[in-house]
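Here's the structure we're looking at; comments come further down.
The values are calculated or read from the model by the stated rules, or taken from the named source; none is laboratory data. For clarity, every value in this text was computed on a predicted model and none was experimentally measured. Virtual Cβ from ideal backbone geometry, glycine too; neighbours counted across all protein chains shown.
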Amino acid sequence: MAVNLNKVTVTHNEEAQRFEMLVDGLRALMTYRRFPDRIVFAHTEVPQPLEGQGLAAKLARVALDFARVNRLRVVPLCPYVSSFIRKHPEYQDLVSSGDLQRLLSR
């Protein structure tokens, strides 16, 4: 099933502490815990039929842009978010220097 990323909207479900998108009845999501000064990204999940189409990357961009706008330090516990930040230097300033050093040394 091919997904047109331009037609998929990421919703911020603050009550559930997650960013999510619904595609053909399937939900892709990224969970987090928010603190006054930081946001901890815990888990990213894309249903198997939707994998490999850029949904997780779109979730990551929206979530990291949210962190930037709200001046939150990012703690990437989720392996996907860690990998995304490693590959996208434009988001590395959101991670503390200690966390970034660990992230880049993997």
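I'd like the full set of residues that are over 8 Å from the mean Cα position of the chain (by Cα) and within 16 Å of residue 5 (Cα to Cα), limited to the range 54-69.
Looking only at the range 54-69, we keep the residues that are over 8 Å from the mean Cα position of the chain (by Cα), and these are 54-55, 65-69.
Hits for the range 54-69 are 54, 55.
How many residues does the range 74-106 hold that are among the basic types (Lys, Arg) and in contact with a Leu (Cβ under 7 Å, 6 or more places away or on another chain)? I'd like the intermediate steps shown before the answer.
Start the filter on the range 74-106 by keeping residues that are among the basic types (Lys, Arg), which leaves 86-87, 102, 106.
Remaining after also requiring in contact with a Leu (Cβ under 7 Å, 6 or more places away or on another chain): 86.
Counting residues in the range 74-106 that are among the basic types (Lys, Arg) and in contact with a Leu (Cβ under 7 Å, 6 or more places away or on another chain) gives 1.
Within 21 Å of residue 4 (Cα to Cα) and either surrounded by fewer than 21 Cβ atoms within 10 Å (Cβ to Cβ) or free of Cβ contacts under 8 Å to residues at least 24 places away in the same chain (or both): is that true of residue 22 in this structure?
Working: within 21 Å of residue 4 (Cα to Cα): yes; either surrounded by fewer than 21 Cβ atoms within 10 Å (Cβ to Cβ) or free of Cβ contacts under 8 Å to residues at least 24 places away in the same chain (or both): yes.
Judged against the criteria, residue 22 is a match.
Could you give every pair whose Cβ atoms fall below 6 Å, whose first residue belongs to the range 72-84 and is farther than 12 Å from residue 95 by Cβ and assigned to a loop (DSSP other than H, G, I, E, B), and whose second residue is modelled with pLDDT of 95 or more and hydrophobic (A, V, I, L, M, F, W, C), counting only separations of at least 6 or pairs across chains?
78/41; 78/42
Looking only at residues that are in contact with a helix residue (DSSP H, G or I) (Cβ under 8 Å, 6 or more places away or on another chain) and in a helix (DSSP H, G or I) in the range 85-97, which one is nearest to residue 67 (Cα to Cα)?
Selected residue: 94.
Can you list residue pairs whose Cβ atoms sit under 8 Å apart, with the first residue in the range 28-39 being under 14 Å from residue 69 (Cα atoms) and surrounded by fewer than 14 Cβ atoms within 10 Å (Cβ to Cβ) and the second being at pLDDT 95 or above and hydrophobic (A, V, I, L, M, F, W, C)? Count only pairs 6 or more apart in sequence or on different chains.
Here the result reads 37/72, each pair linking the range 28-39 to a residue that is at pLDDT 95 or above and hydrophobic (A, V, I, L, M, F, W, C).
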